[in-house]
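K.L.:
Take a look at the following structure, please.
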Amino acid sequence: MRTGMLLLVLAWGCAANSAEGPAAGIAAPGAAAEKLAEGFEFTEGPAADAAGNVYFTDQPNDRIMKWSIDGELTTYLQPCGRSNGLCFDREGQLWACADEKNQLWRISPGKDVAVLIETHDGKLLNGPNDLWLRPDGGAYFTDPFYKRDYWTRGETMEQPCQGVYYLAPDRKTLTRVLDDLDQPNGIIGTPDGKTLYVTDIKAGKTYAYTIQADGSLTGKTLFCEMGSDGMTIDNEGNVYLTGKGVFVFDKSGRQIDHIAIDEPWTANVSFGGRAMDELFITASKALYRLRTRVKGVGSQ
């Protein structure tokens, strides 16, 4: 959930990277973005389970929604810790950036909640925002500071920076792996577990990193001159950024497509559906879908 100032940052970014064209488009022939549901307060964090059902959050209303592969919309969990970004692991457990108390949750298929993380070095996290699980179960998440009116904590952040963290597969060892970004937000990795993309929404930039076995990140490289709220990736290696619609970049960081969404803000994206060839888009008070010629991969 971003401010008007960041809209300007993203608008500038897309103007600086306009290389779209019909031949490079990701939509299926004849497909257009369609509104599936509306009436939410603010939609975020879509993620698909193994069957292709898509879960997303309506953060101000403190609920996780589910759009089934049969087209049925239901409330999956309420309250949900004001969850933001979501991601499924290989065991079918739903991970959630539970912003209410600055925690990282893991929700079992039976809806039992385990609080995995809420502090680093004995101090409260700023507020986990988005996450990605690498193939071995290690988890990366962004921790920007966006003060919420429902917080009961102090007025300022306790951490020394707005960072990116790595939680090892043991679910105990937490390491800050990035501390030099202004405001990290969206995050996604490649299905081979070798590359991690992180957006700095305040700086209006997205970076690519090489993932090391111990979870550390090396080889910081500017991917594109655009920040983003959410991210995903497809089976061609294209990277999706959000803001005023959805912006698609190829592996080289060249913009190849733009999906216009008639909403004030597009927060996040994820592939879903039975064949993982449907792009689900959370935008302001609604949920959209675009049928695509490409498919999603790995943890969305």
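K.L.:
May I ask you to list pairs of residues, at least six apart or on different chains, whose Cβ atoms are under 6 Å apart, with the first in the stretch 85-97 being within 18 Å of T282 (Cα to Cα) and the second being modelled with pLDDT under 95?
P.N.:
Within 6 Å, the pairs are C87/S299.
K.L.:
State the number of residues belonging to the stretch 201-220 that are β-branched (V, I, T), assigned to a strand (DSSP E or B) and under 22 Å from G243 (Cα atoms).
P.N.:
Of the stretch 201-220, the ones β-branched (V, I, T) are 201, 206, 210-211, 218.
After this cut, where a residue has to be assigned to a strand (DSSP E or B) as well, the list is 206, 210-211, 218.
Those left that are additionally under 22 Å from G243 (Cα atoms): 206.
Looking only at that region, the number is 1.
K.L.:
Now for a different question. Quick one: is E100 part of a loop (DSSP other than H, G, I, E, B) and either in contact with a Ser or Thr (Cβ under 9 Å, 6 or more places away or on another chain) or among the polar types (S, T, N, Q) (or both)? Even if it seems obvious, please write down each step before you answer.
P.N.:
Numbers: part of a loop (DSSP other than H, G, I, E, B): no; either in contact with a Ser or Thr (Cβ under 9 Å, 6 or more places away or on another chain) or among the polar types (S, T, N, Q) (or both): yes.
Here the answer is no, as E100 does not meet what is asked.
K.L.:
Scanning the stretch 243-285 for residues that are part of a loop (DSSP other than H, G, I, E, B) and hydrophobic (A, V, I, L, M, F, W, C), which turns out surrounded by the fewest Cβ atoms within 10 Å (Cβ to Cβ)?
P.N.:
We begin by selecting, within the stretch 243-285, every residue part of a loop (DSSP other than H, G, I, E, B); these are 244, 250-254, 260-265, 273-277, 284-285.
Then drop every residue that is not hydrophobic (A, V, I, L, M, F, W, C), which leaves 260-261, 265, 275-276.
Details: A260: 11, I261: 21, W265: 23, A275: 13, M276: 19.
Checking each candidate, the answer is A260.
K.L.:
I've got another one for you. What number of residues within the stretch 204-240 are within 22 Å of A32 (Cα to Cα), touching a residue at least 60 places away in the same chain (Cβ under 8 Å) and among the hydrophobic types (A, V, I, L, M, F, W, C)?
P.N.:
Residues in the stretch 204-240 being within 22 Å of A32 (Cα to Cα), touching a residue at least 60 places away in the same chain (Cβ under 8 Å) and among the hydrophobic types (A, V, I, L, M, F, W, C): 2 in total.
K.L.:
Separate question: Out of the residues in the stretch 27-42 that are buried (at least 16 other Cβ atoms within 10 Å of the Cβ) and in contact with a helix residue (DSSP H, G or I) (Cβ under 8 Å, 6 or more places away or on another chain), state the one that is nearest to A98 (Cα to Cα).
P.N.:
The residue in question is F42.
K.L.:
Pick from R106, R90: which is surrounded by 15 or more Cβ atoms within 10 Å (Cβ to Cβ) and among the charged types (D, E, K, R)?
P.N.:
Just a single option satisfies the conditions, and that option is R106.
The values are calculated or read from the model by the stated rules, or taken from the named source; none is laboratory data. This one's a predicted model, so the numbers in the text were calculated from it and none came from an experiment. So basically every Cβ, Gly included, is an ideal-geometry build from the backbone, and we count neighbours across all protein chains shown.
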